[in-house]
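Visitor: Pasting a structure below so you can have a look.
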Amino acid sequence: HLLIQIIFPLRTLQLLFDARADLLLQMRDLGLAFEDRVELLQAIEEAGSLSSAAARMDVPYRTAWYKLKEIEGQLGVKLVTTHSGGSDGGGSTLTPEGREIVQRFQRIYRDVEDLVRRRFEREFAGSL
């Protein structure tokens, strides 16, 4: 048998692959994926209203509203404050608790991405 060793430098593998991970966080007892709720909170903060956030995420307003109320009910805390009418037309902002949840999940996602990237680099730093 002829053994042929192929050596791929890390740079070559980095050109062939993107090291990334998809993180799925589910709420106990409900099986609800939490990422879309965090994404909704981020969109509300950026867009300034629940209706604009729903449009940005391409989901019906009623679905976005239901998801928001569902997560607020499960956590037992208000995550969004709404401001109605007026010359600015109203809108929505995250409560301090809503911002804290978004920030914590952003840190988790960032840490997981860093871990996957470092592990990939360590795993393929040598030769195959």
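Visitor: Does residue 56 satisfy the condition of being basic (Lys, Arg) and at pLDDT 85 or above? Write out each step before concluding.
Guide: Working: basic (Lys, Arg): yes; at pLDDT 85 or above: yes.
Taking the combined requirement at face value, the residue satisfies it.
Visitor: Looking for something more than 18 Å from the chain's Cα centre (by Cα) and modelled with pLDDT under 90 - is there at least one such residue anywhere in segment 30-48? Before you say what the answer is, go through the steps one by one.
Guide: Applying the first criterion (more than 18 Å from the chain's Cα centre (by Cα)) to segment 30-48 yields 30, 48.
Filter again for modelled with pLDDT under 90, leaving 30.
Yes, because at least one residue in segment 30-48 is more than 18 Å from the chain's Cα centre (by Cα) and modelled with pLDDT under 90.
Visitor: Suppose we filter 108, 44, 101 for residues that are without any contact (Cβ under 8 Å) to a residue 60 or more places away in the chain and among the aliphatic types (A, V, I, L, M); which single one remains?
Guide: On the way: 108 fails: without any contact (Cβ under 8 Å) to a residue 60 or more places away in the chain; 101 fails: without any contact (Cβ under 8 Å) to a residue 60 or more places away in the chain.
Residue meeting the stated conditions: 44.
Visitor: Among the residues of segment 74-114, what is the count of those that are over 20 Å from the mean Cα position of the chain (by Cα), more than 18 Å from residue 43 (Cβ to Cβ) and not in a loop (DSSP other than H, G, I, E, B)?
Guide: Looking only at that region, the number is 1.
The values are calculated or read from the model by the stated rules, or taken from the named source; none is laboratory data. All figures in this text were calculated on a predicted structure; none of them were measured in a lab. Quick reminder, even Gly has a Cβ in these numbers, built from the backbone with ideal geometry, and neighbours come from all protein chains shown.
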